[in-house]
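Notes for the one structure printed next.
Readers should treat all values here as calculations from the given coordinates under stated rules, not as data from a laboratory. Model, not experiment: these values are computed from the prediction. Here Cβ is always computed from backbone atoms with ideal geometry, including for glycine, and neighbour counts include all displayed protein chains.
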Amino acid sequence: HQGRAFARLGGENACSTLVATGTGSGKTECFLYPILEHCRQQRERRQPGIKAIILYPMNALATDQASRLAREIVQKPALQGIRAGLYVGDTPDQLSRTVQQLPDGRCTVITDRHALRENPPDILLTNYKMLDQLLLRPEDRELWRASAGSLTYLVLDEFHTYDGAQGTDVAMLLRRLGLTLRAHLSADDPRQEAFAAAPLGPACPVATSATLGDGADPSRMLAFARDVFGTDLPASAVVTETRADLDQWAATHRQVAESKGL
């Protein structure tokens, strides 16, 4: 399932993707590595602005994933220079203006509000309430002006949590995000056509969930995604697990062992 997600989310023509696999199956990697590779390429082109927004339902989850993201960046030389920002309600206003590794081995990301505005990170991790604040405050307008032409991915982690009234709030929030980005584009910008067709314009919607989906029938998750993202997604957008029974698994490994003379 990770390979199928990489194929959909990598490259210039990233496609909407809904990852519906079990707990512990590596759903985060499905979108994290394509996003990091995209940011690496855009850094080489000196493209400013936010390239990916990842929304988490809980601050603790966002903070934990931010540390994980920072470790990925600092441990891989090819990713050096990619900047990640964390914007949640209980984040201390510390002066951390770049992804860095602290002397004791712990990692951190940009949390200073002023630094986020002055130089938007490539990846922004936040929650829907804080994203709402970023869209409301006049002092944050430059953040979206700088990102109107760069935002490529919008990720909703734990997609199943956005149900009921909260799902409606998030759906309206994403439409406001799209309107804000579109307002900063010139009238003749070719991206205007994409915004006329979908609320998020050219940005690629991504969602992950361990509980949505109904076996081989993706209709439930697709209908939910249509309501939240405001656009129809094809059945091929749903990435599920591929399971092998014990006999299949054993036969495959037996062939490998025999080919090695074991």
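Descriptive notes on the structure:
- Extension gain, R145 back to L179 (0.36 nm per residue minus Cα-Cα distance, nm): 11.1 nm
- Peptides 147-155, 222-230 ordered by packing proxy, namely the average of other Cβ atoms within 10 Å per residue, highest first: 147-155, 222-230.
- In this simple spin-label approximation, A198 and H253 carry label points 7 Å from Cα along the Cα→Cβ vector, and these lie 4.0 nm apart.
- DSSP beta bridges confined to the chain are antiparallel in about 10 percent of cases.
- Rounded tilt (10° steps) of 246-259 against the dominant C-alpha axis of the chain: 80 degrees
- Debye, to nearest 20: dipole size of the chain, +1 on Lys, Arg Cβ, -1 on Asp, Glu Cβ: 620 debye
- CD proxy at 222 nm, helix term only [per DSSP H run n ≥ 4: -39500 (n - 2.57); per residue of the chain; nearest 500]: -14000 deg cm²/dmol
- If you wrap the Cα atoms of the stretch 1-52 in a convex hull and average its projected area over all directions, you get 3.7 nm².
- For the chain, the ratio of Cα radius of gyration to the globular rule of thumb 2.2 N^0.38 Å stands at 1.06.
- Separation of alpha-carbon centers, the stretch 1-77 and the stretch 226-262, rounded to whole Å: 21 Å
- The region of the chain that goes longest without hitting one of the GluC sites (Glu not before Pro) in a DSSP loop, each with at most 13 other Cβ atoms within 10 Å, is 13-240.
- Peptide packing for 123-133, 181-191 was compared via the average number of neighbouring C-beta atoms within 10 Å per residue; ordered from the highest value, the list is 123-133, 181-191.
- Extended-chain gain in nm, criterion 0.36 nm per residue less alpha-carbon gap, T161 and A210: 16.6 nm
- Intensity falloff of the stretch 117-262 expressed as log10 I(q)/I(0), Debye formula with alpha-carbon point scatterers, at q = 0.19 Å⁻¹: -1.17
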